[in-house]
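Values in this text are rule-based calculations from the coordinates and carry no lab data. Computed from a prediction, not measured in an experiment: that's the story for all the values here. For neighbour counting, all protein chains shown are included, and Cβ atoms are generated from backbone atoms with ideal geometry for every residue, glycine included.
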Number of protein chains: 2
Amino acid sequence: MPPKRSTCPIASTLDLIGDRWTLLIVRDIMFFDKHRFEEFLDSPEGISTNILANRLKLLEELGLVTKQPYSNHSRRMSYHLTEKGESLRTLLKAITRWGLKHLPDTEIPREE
Amino acid sequence: MPPKRSTCPIASTLDLIGDRWTLLIVRDIMFFDKHRFEEFLDSPEGISTNILANRLKLLEELGLVTKQPYSNHSRRMSYHLTEKGESLRTLLKAITRWGLKHLPDTEIPREE
DNA sequence: CGGGATCCGTCTTGATACTG
DNA sequence: CAGTATCAAGACGGATCCCG
């Protein structure tokens, strides 16, 4: 919920994704091939269930993520990036590069 | 205050700057040549004084910003980016580009 | 007057327990 | 398994106060 609006692209972007969790979900989908609720919960940062549900809903509403049933007969849900969500890749990479360069104890996590 | 740590550069970076205000201050210094407390307050997003003071202190502690007296005989303070702070320019530009492309009502603000 | 610090009511966040 | 309900703790916004 943006308290105020400005037409600045930085401010507006931060209104949407400028929090501690949203981009981590995008990261999980984009780089770690995670797609289910439980997989997001498993990430080392330890998001809690209500925050995760809330952010997934927001990401859907923003058109960055789609939610589909895993298969016709399962109630398992599967979250994927839309094209608009994919467009955050450049941004995520810029963040990664900055972190790797300026924060001592960071590294590219290995595939599990 | 990072509640948890991980070695992921994205998560660690978001621990530092993943909020609605911090990068807006960096933006004001970097792109709008603002350097004083009152100038930051004037930005259209409307940060409040306690939040601004808090973020400036955090930015100092992170080594992204330095605080100096305006001149020897003035008590006016002047905030500037360190080299590490300047290194966020690429990131800020990536955010700007994403916002301009994907958020309808954004535009590069003109100089005042 | 500029640069904050403090206090307080409100809104948001998050951990945990619980449910279909 | 994928969430929702609950409730405490923290962050925020605004006003006011303070200090040089």
Show that you can apply the helix-only estimate: for chain B, add -39,500 (n - 2.57) for every DSSP H stretch of four or more residues, divide by all residues, and state [θ] at 222 nm to the nearest 500.
-14500 deg cm²/dmol
Ascending list, in nanometres, of distances separating the B:LEU62 label from those of the other copies (7 Å, Cα toward Cβ):
1.8
Distance between modelled label sites at B:ASP42 and A:THR66, nm, 7 Å Cα→Cβ extension:
4.8
Once both labels are modelled 7 Å past Cα along the beta-carbon direction, what's the B:ASP105-B:LYS93 spacing in nm?
2.9
Report the relative contact order of segment B:9-102, percent, no decimals, based on alpha-carbon pairs under 8 angstrom and at least 6 residues apart.
24
What do you get for trypsin sites (Lys or Arg not before Pro) in segment A:50-112 restricted to DSSP loop and a cutoff of at most 15 other Cβ within 10 Å of the site's Cβ?
A:ARG75, A:ARG76, A:ARG110
Loop-resident chymotrypsin sites (Phe, Trp or Tyr not before Pro) in segment A:5-112 with no more than 14 other Cβ atoms inside 10 Å, DSSP not H/G/I/E/B, are A:TYR70
Got the B:THR49 label distances to the other copies yet, label 7 Å along Cα→Cβ, in nm, shortest first?
4.5
Amide H to amide H, which residues 5 or more places from B:LYS34 or on other chains are under 5 Å from it, using H placed in the peptide plane?
B:ILE29
For the protein assembly as shown, what is the Kirkwood hydrodynamic radius in Å, using each pair of distinct C-alpha atoms?
18.7
Which three numbers, in whole Å and largest first, are the semi-axes of the equivalent ellipsoid of segment B:9-102 derived from its Cα gyration tensor as √(5λ)?
23, 15, 13
How about segment B:1-50: which trypsin sites (Lys or Arg not before Pro) there lie in a loop by DSSP and see at most 11 other Cβ atoms within 10 Å?
B:LYS4
Chain B to chain A by rotation: the residue of B with the beta carbon nearest the axis and the rounded distance in Å are B:ALA94, 2
In order over segment B:90-96: 3J(HN,Hα) from phi, Karplus 6.51/-1.76/1.60, θ = phi - 60°, whole Hz, x for each Gly or Pro, gives 4, 4, 4, 5, 5, 5, 4
